[in-house]
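Q: Sharing a structure with you now.
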Amino acid sequence: MTATMPAPAVDVRRADDRFKTRLSWLDSKHSFSFSRHYDPANTHHGLLLVNNDDVVHPGTGFETHPHQDMEIVTWVLRGSLVHQDSTGHSGVIYPGLAQRMSAGTGILHSEKNDSWRLENTAPHRDPVHFVQMWVLPDEEGIDPGYEQLEIGDELLRGGLVPVASGMDRYDGASAIRIRNRYATLHAARLGPGDSVNLPEAPFLHLYVPSGAVTLEGTGELGEGDAARITMAGGQRVTAAEPAEILVWEMHATLA
């Protein structure tokens, strides 16, 4: 990680320009280089390495696979996602539930749209829509870990809500902790005309997973659009229709 600061900029990335992976069970859109999709000029922004927008069909999902030395935050927008991992954690992630997995020295996990298997109910036919985001930890080789917490009530009160943070300024306010002292993920649910101000930070990543908003000084961002903001925080974001936004506040960048 480095504290070198480039010139101010707002780089808008449109939904249709993202890398795409389409399988029989998965519709995935990648904001950065991921898996077989690689562009050396598009590997990260600030500390954010992965911003995958996934839709998984019912009864399917990601089979057990490994991760190491990564902080992984999953945010569900619609439906439910079953998480199971090699540390013994198992649960259902749903809208308003913040979830973080620290891969550390190594962890195996699966993510599937089959919550009825845990709940002993009839299978549903609803896809699950979620965004998964990865940042590097400050320190390699930590113990693997998992944390989740319901923050739906905080979202209903309006404004930007810290979802996951390693920054001291959000200690006690953020829902879950990540092992990176320079990064915080915020979320907001906005009704038409509602506004929030972006944090002041050297690096911001504003993503619109649902709805449409207007970014002050830039213009409209629709569903799936993102703004990579460098040295230019504090702008106002106003919803043009019911919308949800995810904002990474980052005070360092990868070298």
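Here, each number is a calculation from the coordinates, and none is a lab measurement. A quick note: this is a predicted structure, and the numbers were derived from the prediction, not measured. Glycine gets a Cβ as well: all are built from the backbone with ideal geometry, and neighbour counts include every protein chain shown.
Q: Multiply the residue gap between Glu139 and Ala255 by 0.36 nm, knock off their C-alpha separation, and tell me the result in nm, one decimal place. Kindly include the intermediate steps, with their values, before the conclusion.
A: Values: separation 116, 0.36 × 116 = 41.76 nm, distance 1.55 nm.
Roughly 40.2 nm would be gained on extension.
Q: Now for a separate question. Using θ = phi - 60° and the Karplus curve 6.51 cos²θ - 1.76 cosθ + 1.60, what whole-Hz ³J(HN,Hα) does each residue of region 199-209 get, with Gly and Pro shown as x?
A: My calculation for region 199-209 gives x, 8, 7, x, 9, 10, 10, 9, 10, 10, x Hz in order.
Q: What residues qualify as long-range amide H neighbours of Asp194, i.e. H under 5 Å apart, gap of 5 or more or another chain, H built at 1.01 Å from N?
A: Amide H neighbours of Asp194, under 5 Å, 5+ apart: Ala239.
Q: Once R0 is set to 30 Å, what does the formula 1/(1 + (r/R0)^6) return for the Cβ-Cβ distance between Leu156 and Glu200, expressed as a FRET efficiency to the nearest 0.05? Walk me through the intermediate numbers first.
A: Details: r = 25 Å, r/R0 = 0.85.
Plugging the Cβ-Cβ distance into 1/(1 + (r/R0)^6) gives 0.75.
Q: Another one. Points 7 angstrom from Cα along the Cβ direction at Arg14 and Leu149: gap in nanometres?
A: According to this spin-label approximation, the distance is 4.0 nm.
Q: While we're on this one: Among Val73, His57, Ile142, whose Cα projects farthest towards the positive end of the dipole of region 34-163, with charges put on the beta-carbon of Lys, Arg (+1) and Asp, Glu (-1)?
A: So the residue we want is His57.
Q: Describe numerically, in nm with one decimal, the distance between label points set 7 Å from Cα along Cα→Cβ at Ser24 and at Arg236.
A: In this crude spin-label approximation the distance works out to 5.1 nm.
Q: For region 114-255, just say rounded, prolate or oblate: build the C-alpha gyration tensor, square-root its eigenvalues into a ≥ b ≥ c, call rounded for a/c under 1.5, and beyond that prolate if a/b exceeds b/c, oblate if not. Intermediate results must be reported in sequence, preceding the final value.
A: Values: a/c = 1.83, a/b = 1.09, b/c = 1.67.
Oblate, because a/c is 1.5 or more while a/b does not exceed b/c.
Q: Same structure again: Whole-Hz ³J(HN,Hα) for each residue in region 145-155, computed from phi via Karplus 6.51 cos²θ - 1.76 cosθ + 1.60 with θ = phi - 60°, x for glycine and proline: what do you get?
A: With coefficients 6.51, -1.76 and 1.60, one gets x, 8, 8, 8, 7, 6, 10, x, 5, 4, 5 Hz.
Q: Could I ask something else about it? Compute the label zone of Thr121 within region 35-69: residues whose backbone N is under 16 Å from the point 7 Å along Cα-to-Cβ.
A: 58-59
Q: When only Cα pairs under 8 Å and 6 or more residues apart are kept, what is the percent relative contact order across the chain? Kindly include the intermediate steps, with their values, before the conclusion.
A: Numbers: 711 pairs, mean separation 56.0, N = 255.
22 percent.
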